Amino acid sequence: MKLDPFYLIVDSADWIERLVPLGVKLVQLRMKDANDTVLRQHIRRARQCCADHSCQLIVNDFWQIAIDEACDFVHLGQEDLATADLAAIRNAGLKLGLSTHDEAELETALAAKPDYIALGPVYPTILKKMPWAPQGLERLTSWKEKIGPLPLVAIGGLRPDRLPGVFATGADSAAVVTDITLNADPEARTREWLDVTEPCR
């Protein structure tokens, strides 16, 4: 499986409807605190927008709702992985992405036979408080050696100027959150990301 090199992560269908039409081909809907009704509404809007623009939609965490809503890709953190029904996810035909932060988590993730592995934070990030120090480019290189042909997603503190170093490690995709959503001009920043990742497509 090949992932687009630019992996946008946002917390609403509003963002997806705003940015995916610019040319984004890989987006994750990450809504941590929404109730089921609101989440389903956003997933349905996101699915329609992504279908209209040939964009791959990944739903974060809520694997059962993703199955119910006929999505085709889910991303789980380690806590969610521990309680997820992997057989149900596979039987529904969903692809699976998993977060990792250390060696033990990588081992756990690989045992679940995911479709990609994410490693972070590569650089300091303001997205959320984490007990892990920034992983750095050397850890990305090590992870890629360990997982072989499995796609590797780098996340955490990424900016366009850091991309050459990130992709030099063998990482396949760069996940971006606050560099877009907190930017004064998210559309312009999204176009910049699309431009700088174009050589990797």
Selection within region 183-196 - more than 12 Å from residue 23 (Cα to Cα) and either β-branched (Val, Ile, Thr) or assigned to a loop (DSSP other than H, G, I, E, B) (or both): 183, 184, 185, 196
Of everything in region 53-104, what is in a helix (DSSP H, G or I) and open to solvent by less than 20 Å² (accessible area, probe 1.4 Å)? Give them in sequence order. 65, 66, 81, 89
Test set (1) out of contact with any Asp or Glu (no Cβ under 6 Å at 6 or more places or on another chain); (2) open to solvent by less than 20 Å² (accessible area, probe 1.4 Å); (3) free of Cβ contacts under 8 Å to residues at least 60 places away in the same chain; (4) hydrophobic (A, V, I, L, M, F, W, C) - residue 174 fails condition number: (3)
If we keep only residues of region 24-34 that are outside any strand (DSSP E or B) and either of a type in the set (Phe, Trp, Tyr) or at pLDDT 95 or above (or both), then the residue surrounded by the most Cβ atoms within 10 Å (Cβ to Cβ) is 24
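To keep it simple, each residue is scored yes or no on (1) in contact with a strand residue (DSSP E or B) (Cβ under 6 Å, 6 or more places away or on another chain); (2) buried (at least 16 other Cβ atoms within 10 Å of the Cβ); (3) within 14 Å of residue 177 (Cα to Cα).
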{"site": "4", "(1), (2), (3)": "yes, yes, no"}
{"site": "10", "(1), (2), (3)": "no, yes, yes"}
{"site": "21", "(1), (2), (3)": "no, no, no"}
{"site": "39", "(1), (2), (3)": "no, yes, no"}
{"site": "42", "(1), (2), (3)": "no, yes, no"}
{"site": "49", "(1), (2), (3)": "no, yes, no"}
Subset of region 155-171 (residues that are out of contact with any Gly (no Cβ under 6 Å at 6 or more places or on another chain) and surrounded by 18 or more Cβ atoms within 10 Å (Cβ to Cβ)): 157, 158, 163, 166, 167, 169, 171
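The values are calculated or read from the model by the stated rules, or taken from the named source; none is laboratory data. Note that the structure is predicted; figures quoted are calculated from it, not measured. Neighbour counts are summed over all protein chains in view; Cβ atoms, including those assigned to glycine, are modelled from backbone coordinates with ideal geometry. What goes into the accessible areas is simple: the full protein's heavy atoms, side chains included, and nothing from ligands, DNA or RNA. Shrake-Rupley method; radii C 1.70, N 1.55, O 1.52, S 1.80 Å.
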